[in-house]
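A short write-up of the structure that comes next.
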Amino acid sequence: GQSVKSFVMRALSNNQEKGEIALRNVSESEAAIIKEKTGIDVAGYTHVMNGDDIRHIRNKHGEGKEKQANQIGLSSEDIAAIPSIINEPDSIKRGNPSRSGDDTILYLKTDEKGVNYVVEVVKTKGKKLEIKTMWKQHIP
């Protein structure tokens, strides 16, 4: 399959890239942790990301676009690192419901530059966990 990094780069450079990439299936142990931390049952779901959401992340939180003083603009490398954040988060929480009323899952992971936040929307139709947004805050 294509690498996440090449998909992210293509989505950022081409607004016509509407495709979706499956990152991986939710493992049994991961589903158990998510259920324990959030109350949401995602057994049998797949983590996915699509071009529109990747562009949304850049346009709202990318380098030179981030408006919040305590947040760090994201590079394309930061965005391409999303899989490593959801694979080994420091913590998992239930997020606020999406605009369409879907449940969300919030992943936090600190690196040397700051605290990464990644939000997935739980799409019961198709059993997908859709990467919706990401931002990065300075370490307090």
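The values are calculated or read from the model by the stated rules, or taken from the named source; none is laboratory data. Keep in mind that what you see is a predicted model, and the values were worked out from it rather than measured. Here the Cβ is made from the backbone with ideal geometry for all residues, glycine too, and neighbour counts use every protein chain on show. Just so you know, the surface numbers come from the protein's heavy atoms only, side chains and all, with ligands and any DNA or RNA stripped out. Shrake-Rupley method; radii C 1.70, N 1.55, O 1.52, S 1.80 Å.
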>> List the residue pairs whose Cβ atoms are under 6 Å apart, where the first residue sits in the stretch 5-19 and is touching a residue at least 40 places away in the same chain (Cβ under 8 Å) and at negative phi, the second is open to solvent by less than 30 Å² (accessible area, probe 1.4 Å) and small (Gly, Ala, Ser), and the two are 6 or more positions apart or on different chains.
In response: Lys5/Ala80; Val8/Ala80; Ala11/Gly51
>> Tell me whether the stretch 71-78 contains one or more residues that are in contact with a His (Cβ under 8 Å, 6 or more places away or on another chain) and not in a loop (DSSP other than H, G, I, E, B).
In response: yes
> small (Gly, Ala, Ser) and open to solvent by less than 30 Å² (accessible area, probe 1.4 Å): does that describe Gly101?
Replying inline: no
> Considering Val4, Val48, Val42, Val26, which residue is open to solvent by 20 Å² or more (accessible area, probe 1.4 Å), closer than 25 Å to Lys127 by Cβ, under 16 Å from the mean Cα position of the chain (by Cα) and among the β-branched types (Val, Ile, Thr)?
Replying inline: Val4
> Considering the stretch 80-98 alone, what residues qualify as being of a type in the set (Val, Ile, Thr) and open to solvent by 40 Å² or more (accessible area, probe 1.4 Å)?
Replying inline: none
> Are any residues in the stretch 94-140 outside any strand (DSSP E or B), of a type in the set (Asp, Glu) and touching a residue at least 40 places away in the same chain (Cβ under 8 Å), and if so, which ones?
Replying inline: Asp103
>> Considering only the stretch 7-20, I want to know if a residue exists there that is of a type in the set (A, V, I, L, M), open to solvent by less than 50 Å² (accessible area, probe 1.4 Å) and either in a strand (DSSP E or B) or in contact with a strand residue (DSSP E or B) (Cβ under 7 Å, 6 or more places away or on another chain) (or both).
In response: no
> Which ones in the stretch 86-103 are of a type in the set (Lys, Arg) and modelled with pLDDT of 95 or more?
Replying inline: Lys93, Arg94
> Does the stretch 21-48 hold any residues that are in contact with a strand residue (DSSP E or B) (Cβ under 8 Å, 6 or more places away or on another chain) and polar (S, T, N, Q), and which are they?
Replying inline: Asn25, Thr38, Thr46
